[in-house]
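The values are calculated or read from the model by the stated rules, or taken from the named source; none is laboratory data. Here the structure is a predicted model, which is why all the values come from computation and not from measurement. Here the Cβ is made from the backbone with ideal geometry for all residues, glycine too, and neighbour counts use every protein chain on show.
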Amino acid sequence: MSKDKPEAAPKKGKVKKLLAIGLGAAVLIGAGAGAGIYFGVGMAAHPPKPEDYYPKLVVRVEDGKVAAPADKNAEAPPKVGTVSVPNDKFKVDPRKYEITYYPVEQAFTTNLADGSGFLQIGISLSTYYDGKVIANIRRQEVPIRSAVLMVLAEQDPALLSTSHGKQQLQRQLTGAINGVLRDKEGFGGIDNVYFTSMVIQ
């Protein structure tokens, strides 16, 4: 009997040791799994890129119905884009996307290049992108006005009297405005510039 008691004591010690090792292993496995999940999720979710904040194209509504504001004097809510794009430098199919027109409130007046007179025009801008482009235009109004005035000051009045000259001016203004927006906001988005008034004297 005296031999049985010393044998029982080592068994209890071994059980405690095995339990401690098992518990330690479980804690380590749990910590490893938790770290794996944490880092796995962190690696899967990428930080936002600048293009994630770019305007999106607005898909055209099939039935042609667009929600109008209840008050006729109120502004329509900005359109929400549905199609992400990496940049605004590709041709948009006008049959697939909604167009928004933004009238620039103040007319532009400048002397002409040859000093023979002045040019005054009113313009409206068009875009197939969502309300972010309109917000960008409003935010960058001062540099946009400056760019437009510089383009207008270089015009030849004889060329502006032709439709070809007016179309060329449209392209120049579109390029100048998109240049400002790309420089200041990282995204242009203006499809065309339309003349709402033009006076050459």
**Flag if residue 132 is closer than 19 Å to residue 53 by Cβ and either among the aliphatic types (A, V, I, L, M) or within 23 Å of the chain's Cα centre (by Cα) (or both)** = yes
**Request:** Out of the residues in region 103-128 that are surrounded by 15 or more Cβ atoms within 10 Å (Cβ to Cβ), in a strand (DSSP E or B) and hydroxyl-bearing (Ser, Thr, Tyr), state the one that is farthest from the chain's Cα centre (by Cα).
**Result:** 110
**Message:** Can you find a residue that is of a type in the set (Asp, Glu) and modelled with pLDDT of 90 or more anywhere in region 113-125?
**Reply:** no
**Request:** Scan region 129-140 and report the pairs whose first residue is in a helix (DSSP H, G or I) and whose second residue is buried (at least 17 other Cβ atoms within 10 Å of the Cβ), with Cβ atoms within less than 6 Å and a gap of 6+ or a chain change.
**Result:** 131/79; 132/55; 133/55; 133/127; 133/189; 136/181; 136/185
**Item:** From 159, 173, residue being among the hydrophobic types (A, V, I, L, M, F, W, C), exposed (fewer than 14 other Cβ atoms within 10 Å of the Cβ) and part of a helix (DSSP H, G or I)
**Value:** 159
**Message:** Against the condition touching a strand residue (DSSP E or B) at 6+ places or on another chain (Cβ under 7 Å) and farther than 28 Å from residue 62 by Cα, how does residue 120 come out, does it pass?
**Reply:** yes
**Request:** Check region 137-152 and report whether any residue there is out of contact with any helix residue (DSSP H, G or I) (no Cβ under 9 Å at 6 or more places or on another chain), modelled with pLDDT of 95 or more and closer than 18 Å to residue 54 by Cβ.
**Result:** yes
